[in-house]
1. What's the number of the only condition in (1) closer than 23 Å to Gln45 by Cα; (2) outside any helix (DSSP H, G or I); (3) at pLDDT below 90 that Leu91 fails to meet?
2. Here are some conditions: (1) at positive phi; (2) of a type outside the set (Phe, Trp, Tyr); (3) touching a residue at least 12 places away in the same chain (Cβ under 8 Å). Gly108 meets all but one. Which one does it not meet?
3. Would it be correct to say that Phe180 is closer than 29 Å to Ala114 by Cα, crowded, with 16+ Cβ neighbours inside 10 Å and at pLDDT below 85?
4. Tell me which residues, restricted to the stretch 38-97, are β-branched (Val, Ile, Thr) and surrounded by 15 or more Cβ atoms within 10 Å (Cβ to Cβ).
5. Val192 is checked against (1) within 11 Å of Val84 (Cβ to Cβ); (2) open to solvent by less than 30 Å² (accessible area, probe 1.4 Å); (3) touching a residue at least 40 places away in the same chain (Cβ under 8 Å); (4) part of a helix (DSSP H, G or I) and fails just one. What number does that condition carry?
6. (1) at pLDDT below 90; (2) within 15 Å of the chain's Cα centre (by Cα): which one isn't true of Ser36, the others all being true?
7. Which residue out of Lys173, Lys112 is surrounded by 15 or more Cβ atoms within 10 Å (Cβ to Cβ) and in a helix (DSSP H, G or I)?
Amino acid sequence: MIEAKGIEKSFGALKVLKGIDFQAEKSEVVSIMGASGAGKSTLLQILGTLSTPDSGSLTIDGIDVLHLNRREISQFRNRKIGFVFQFHHLLPEFTSLENVMIPALIAGRSEKDARNESLKLLGTLGLGERTGHKPSELSGGEQQRVAIARALVNSPSVLFADEPSGNLDSVTKSELHNLFFRLRDEFGQTIVIVTHDPELARMCDRSLVMKDGLFVTAQ
C-alpha cells in the first residue's frame, strides 16, 4: 500500500531525513517511535503528501504521488488519505455531524450521501447521540472520535495518525488505541501511527524506531 525509498528532507542546513525507506502493507498497522526531533512527524507529513521530500520516491496504492500536480495531489489526498492529529482541529462553529461531512462535500459527494455516511460513522464510533453537539460540548475523547470519523468519511486507503492519544487521559487513551484496531478490522485501512506511547506501539503489527533521521530497527 505504501512504498517510500530514499526519502531525504532538509530545512536549511538541518538534514531531518537521511534516506528513509519505508513500506506498509494493506491493512497493516505500523507505529513509528523516537525522541522529539528524530524526524517522525516530518516523515508522516511526506507520506501523507502534505510535504514534498528533497529526494526519493513515494508510491501509495499504486500511484506515484510525487509526480502528481497540485490539483491531482489534492484530489488524491482527499479520496485516499485520512489524517488524525494530536490536536483534533475540529471547526468550533460546526456540529460533530457537520465537521465529519466536510471532506465528503469537498470530494463532490451529495449532501444526502455525505450526511448518511457521516451519521453511520458517528454511530459506529459511539457518538450517535452527539451528532448535533459542537466541539466545545464534547469531551476530549469524543472530539478525537469525531476527528477519526472525519478522517474515515471518504473511505481512505491509508490513515495517518500523529500522536493521536497524546492529550487524553489513560482510560480514554486505551479506548482510542483499541478503536484503531477495530477500525482496521472493519474497514481494512492501512494505518501508520507516530507515537511516544509504548503501549500503543506494542499493539501494532510492527513498531519502528527513528533516531536522527533514520530507522534504527529492522523493517
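1. Checking Leu91 against (1) closer than 23 Å to Gln45 by Cα; (2) outside any helix (DSSP H, G or I); (3) at pLDDT below 90, the one that fails is (3).
2. If we test Gly108 against (1) at positive phi; (2) of a type outside the set (Phe, Trp, Tyr); (3) touching a residue at least 12 places away in the same chain (Cβ under 8 Å), just (3) comes out false.
3. Working: closer than 29 Å to Ala114 by Cα: yes; crowded, with 16+ Cβ neighbours inside 10 Å: yes; at pLDDT below 85: yes.
Spelling it out, Phe180 is indeed closer than 29 Å to Ala114 by Cα, crowded, with 16+ Cβ neighbours inside 10 Å and at pLDDT below 85.
4. We begin by selecting, within the stretch 38-97, every residue β-branched (Val, Ile, Thr); these are 42, 46, 49, 52, 59-60, 63, 65, 73, 81, 84, 95.
Thr42, Ile46, Thr49, Thr59, Ile60, Ile63, Val65, Ile73, Ile81, Val84, Thr95 - these are the residues of the stretch 38-97 that are β-branched (Val, Ile, Thr) and surrounded by 15 or more Cβ atoms within 10 Å (Cβ to Cβ).
5. Every listed condition holds for Val192 apart from (4).
6. Failing condition for Ser36: (2).
7. Numbers: Lys112 fails: surrounded by 15 or more Cβ atoms within 10 Å (Cβ to Cβ).
Sole residue among the options that is surrounded by 15 or more Cβ atoms within 10 Å (Cβ to Cβ) and in a helix (DSSP H, G or I): Lys173.
The values are calculated or read from the model by the stated rules, or taken from the named source; none is laboratory data. What you see is a predicted model; the values in this text were computed from it and never measured. Methodologically, a virtual Cβ is constructed for each residue, glycine included, from the backbone with ideal geometry; neighbour enumeration extends over all protein chains shown. These accessible areas exclude ligands, DNA and RNA; they are computed on the full protein's heavy atoms, side chains included. Shrake-Rupley method; radii C 1.70, N 1.55, O 1.52, S 1.80 Å.
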